[in-house]
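**Student:** Structure provided below as structure tokens; questions to follow.
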């Protein structure tokens, strides 16, 4: 899992939207960060980093797919960016 990779400025807003989408769908399912992290096979601190909009954290597709599976949504829902 890559945690701190240099992010292109033009992609920053997309990472923030992805992080906010994960938090939104997690809360919609009534899950805590601890619950989602455990079910998705990651630490709560890593999930906290992913969800923190002031800290850009990269993740693998495997992590993205695991999160989507636990949240019972298509991975593409996490990548829907609103203008």
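**Student:** According to a simple spin-label model (label point 7 Å from Cα along Cα-to-Cβ), what is the distance in nm between residue 82 and residue 69?
**Tutor:** Simple spin-label model gives 2.9 nm for this pair.
**Student:** Would you mind ranking 32, 58 so that the residue whose beta carbon has the fewest other beta carbons within 10 Å leads the list?
**Tutor:** 32, 58
**Student:** Hey, rough spin-label estimate for residue 61 and residue 35, points 7 angstrom out along Cα→Cβ, what's it come to in nanometres?
**Tutor:** Rounded to a tenth, the inter-label distance reads 3.0 nm.
**Student:** Something else about it: Using a basic spin-label model with each label point 7 Å from the Cα along Cα→Cβ, how many nm lie between residue 12 and residue 52?
**Tutor:** My value for the distance between the label points is 1.7 nm.
**Student:** Hey, another quick one. How far is helix 61-71 tilted, in degrees, relative to the longest principal axis of the Cα atoms in the chain, given as a value from 0 to 90 rounded to the nearest 10?
**Tutor:** Its long axis makes an angle of about 40 degrees.
**Student:** Report, in degrees rounded to the nearest 10, the 0 to 90 angle that the Cα long axis of helix 12-28 makes with the longest principal axis of the chain.
**Tutor:** Helix 12-28 sits at roughly 10 degrees to that axis.
None of the figures in this text is laboratory data; all of them are computed from the coordinates on show. The structure presented is a predicted model; accordingly, all values stated were derived computationally and were not measured. Positions of Cβ are backbone-derived with ideal geometry, glycine not excepted, and every protein chain shown enters the neighbour counts.
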